[in-house]
Every structure is written in C-alpha cells, then in structure tokens.
Amino acid sequence: VNAEKAVISGDRVFTEKLFKEKHDRGDMYHGPFYPREPDKILRRIIRCMLPFHTARGREAFRRLRVYKSVPAELKGKKFEKSIAESRVGSKRMELGEISVKLGVKKVW
C-alpha cells in the first residue's frame, strides 16, 4: 500500500535521469515498455529482484499486491513502516515524485 511513498535513495538528478531514460527507451509499438504509475514502477522493480524465470519466482510475483493508496478492503488495518526509510539522509526521493516527473497526473 502507498506505493507512491516508497523511498528511492541516491542523487535526485541521477534518479530522475535514470527513470526518464528507461521510460523513453525503445519503440512505442515494440517496447520495451516501462510504466509511469508508482504502483506499476514498484511492481516492476520487485519483479527484477525475484527469480522471475523460475516457477517459484513467477508464483511469488503472482502473490504480490501493490496499491497506490490504501484500498477500501485494507482500511483500518495496521501497517508496518520500513526501517530503511528512517536511515536515508537527504539524498532520497519518493516514487510519487518520480511518477509526476514522468508525466502522471497526481491522483493519490
């Protein structure tokens, strides 16, 4: 939940440039297709961390659920915060900021 609040550490200018290059790469008809929405970006990042080409990795990826904000069925439940979020200094950027820079209208 709250994929737009996921934190990416590193230099802001480099991070923006990296995601912009990934999105602009390829052909609009043949790909590769990189998402602009924060939930889809996070889902693709996690997919790269899994052994996606094995049956175990594909099954784990199917179980993954990523949401932009808190959906109705999860309202009122308690969520844990990431420990790494508090350790990151000034060189950090939220996934929602990157999405807005890529051209997504902010609806969360």
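The values are calculated or read from the model by the stated rules, or taken from the named source; none is laboratory data. Values in this document were obtained by computation on a predicted structure and should not be read as measured data. Neighbour counts run over all protein chains shown; Cβ positions are idealised from the backbone, glycine included. Remember, those area values only see protein heavy atoms, side chains included, never the ligands or the DNA or RNA. Shrake-Rupley method; radii C 1.70, N 1.55, O 1.52, S 1.80 Å.
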Filtered residues of the range 34-48 (kept if closer than 17 Å to K5 by Cα, open to solvent by less than 90 Å² (accessible area, probe 1.4 Å) and either part of a helix (DSSP H, G or I) or among the small types (G, A, S) (or both)): P38, D39, I41, L42, R43, R44, I45, I46
What are the pairs with Cβ atoms under 6 angstrom where one residue, in the range 93-106, is among the hydroxyl-bearing types (S, T, Y) and the other, located anywhere, is part of a helix (DSSP H, G or I) and open to solvent by 10 Å² or more (accessible area, probe 1.4 Å)? Sequence gap at least six, or different chains. none
Subset of the range 73-104 [open to solvent by 100 Å² or more (accessible area, probe 1.4 Å), within 18 Å of L42 (Cα to Cα) and at pLDDT below 90]: E80, K81, I83
Only one of G57, G31, G10 is closer than 25 Å to E80 by Cβ, open to solvent by less than 60 Å² (accessible area, probe 1.4 Å), at pLDDT below 90 and among the small types (G, A, S). Can you tell me which? G10
Exactly one condition in (1) at pLDDT 90 or above; (2) surrounded by 16 or more Cβ atoms within 10 Å (Cβ to Cβ) is not met by P51; state its number. (2)
Of the residues F19, F61, only one is touching a residue at least 60 places away in the same chain (Cβ under 8 Å), of a type in the set (A, V, I, L, M, F, W, C) and in a helix (DSSP H, G or I); which? F19
